[in-house]
Amino acid sequence: MSAFPDYIDVDYADGEGESPEDYPSIEHKIEKAIEVTKVGLEQYENPAVMWTGGKDSTLTLYFVKEVADRFDLDVPPVVFIDHYQHFDELIEFCKHWADEWDLDVIWARNEDVGDYVDEHGLSPGDDIEISGLSEHNQHHIRNLLEYEEDTFPFLLDTYVGNHLLKTVALNDALEEYDVDGVISGVRWDEQEARADETFFSPRHDPDIYPPHDRVQPILQFAEPDVWDAFWNFVVPETVEGYPAGHVPQSDEDLPEGLEMADIPVSPKYFAGFRSLGSEVSTDKSAEEPAWLQDMENTTERAGRAQDKEDLMERLRDLGYM
């Protein structure tokens, strides 16, 4: 493995062979998250935080803000991958909280694909002619993905669509802003493809992505732990007047004087979504809020398109989160 970059000194084996059960209480999980976040903010010269507006990345952003404040460190820029198929509510949520928290947001987009879609008046599912895209995108499609068809559908949750709209957009942003450490909110229990991740994970192959490390402070959180952290720490500590431990039973069950816009939890979770992906291919899991659903006996990403879920290992090899 190449020594990249030479000023970084982290333990790439930290977390190897572990699972959420190795951190038996919410306090253990939070302590580890703070430790990893602090190392990430101190070790990397140009870190950035991945933020989707979802619960995991927002929890990670909370730890970044808390650690930066506690240890007098800078809050890094936030990278939001705009793949053109987001829920409108999610974009509005991110813009609102970026404003509230004074975040420097990098809106990462594959503008070549976006411009093609606009120029041809395409809708999700319509075909994109590969010959009409830039050499950069054609290189990824032909040489990295080894995709041989003449067209691909304008859909996020497919092999080509996900890679171009998310991974290429991310990698181009990392290169443009010279990012050396990507702080992200992936978890061991979320997908099998992420179960072997470590807290500091190298991505050093320059033929695939701009060399960088992934810093992953909440690997040890299971889905229920994330919501436990939100209602006991994140929301009470960031929303004035919110009592710790109050778990809303609906979008109307908020403490007196508070509204949905005051709570740093996406309205889609209140509406029954447990995982937020493409507007085109993500459905709510149930009618009750995400944190009240049966997390033990149902799958968190059941509302997501499964063709992309089945390709996760290949997509991650190419730089997907």
Evaluate the following for I128: is it β-branched (V, I, T), open to solvent by less than 30 Å² (accessible area, probe 1.4 Å) and in contact with a Pro (Cβ under 7 Å, 6 or more places away or on another chain)?
-> no
Got a number for residues in region 58-97 being in a helix (DSSP H, G or I) and either open to solvent by less than 10 Å² (accessible area, probe 1.4 Å) or among the acidic types (D, E) (or both)?
-> 15
Please name all residue pairs, on different chains or six or more residues apart, with Cβ atoms under 9 Å, provided the first residue is in region 212-228 and is closer than 10 Å to E190 by Cα and the second residue is among the aromatic types (F, W, Y) and surrounded by 24 or more Cβ atoms within 10 Å (Cβ to Cβ).
-> L219/F199
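Condition check ((1) of a type in the set (D, E, K, R); (2) under 19 Å from the mean Cα position of the chain (by Cα); (3) closer than 26 Å to I34 by Cα) across all residues:
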position	(1), (2), (3)
L90	no, yes, no
P124	no, no, no
H140	no, no, no
E176	yes, no, no
Residues in region 108-121 that are open to solvent by 80 Å² or more (accessible area, probe 1.4 Å) and closer than 20 Å to I183 by Cα total 1
Filter result (out of contact with any His (no Cβ under 7 Å at 6 or more places or on another chain) and among the small types (G, A, S)) within region 173-190 | A173, S184, G185
What are the residues in region 203-224 that are assigned to a strand (DSSP E or B) and under 17 Å from H28 (Cβ atoms), if any?
-> none
D157 being modelled with pLDDT of 95 or more and either part of a loop (DSSP other than H, G, I, E, B) or farther than 21 Å from P210 by Cα (or both) | no
Please work out which one of (1) in contact with a Leu (Cβ under 8 Å, 6 or more places away or on another chain); (2) touching a residue at least 24 places away in the same chain (Cβ under 8 Å) is the condition V235 fails and give its number.
-> (1)
Is it true that some residue in region 117-127 is touching a helix residue (DSSP H, G or I) at 6+ places or on another chain (Cβ under 6 Å) and over 24 Å from L174 (Cα atoms)?
-> no
Pull up region 238-263, narrow it to residues that are in contact (Cβ under 8 Å) with a residue 40 or more places away in the chain and not small (G, A, S), then point me to the one that is most open to solvent (accessible area, probe 1.4 Å).
-> Q249
Checked region 277-293 for anything open to solvent by less than 30 Å² (accessible area, probe 1.4 Å), at pLDDT 90 or above and assigned to a loop (DSSP other than H, G, I, E, B); matches are A286, P289, Q293
Those residues of region 264-276 which are open to solvent by 10 Å² or more (accessible area, probe 1.4 Å) and part of a helix (DSSP H, G or I), in sequence order = P267, K268, F270
Which numbered condition trips up V182, out of (1) hydrophobic (A, V, I, L, M, F, W, C); (2) outside any strand (DSSP E or B); (3) under 17 Å from Q216 (Cα atoms)?
-> (2)
Is it true that some residue in region 103-116 is in contact (Cβ under 8 Å) with a residue 12 or more places away in the chain, of a type outside the set (F, W, Y), out of contact with any helix residue (DSSP H, G or I) (no Cβ under 7 Å at 6 or more places or on another chain) and closer than 26 Å to E240 by Cα?
-> yes
Identify the single condition in (1) touching a strand residue (DSSP E or B) at 6+ places or on another chain (Cβ under 6 Å); (2) surrounded by fewer than 14 Cβ atoms within 10 Å (Cβ to Cβ) that Y7 does not satisfy, given that it satisfies every other one.
-> (1)
Of the residues that sit in region 16-47 and are in a loop (DSSP other than H, G, I, E, B) and within 16 Å of V182 (Cβ to Cβ), which one is most open to solvent (accessible area, probe 1.4 Å)?
-> E45
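The values are calculated or read from the model by the stated rules, or taken from the named source; none is laboratory data. Bear in mind the structure is a predicted one, so any value in this text is a computation, not a measurement. Cβ atoms come from the backbone with ideal geometry, glycine included; neighbour counts cover every protein chain shown. The area values use the complete protein model at the heavy-atom level, side chains included, leaving out ligands, DNA and RNA. Shrake-Rupley method; radii C 1.70, N 1.55, O 1.52, S 1.80 Å.
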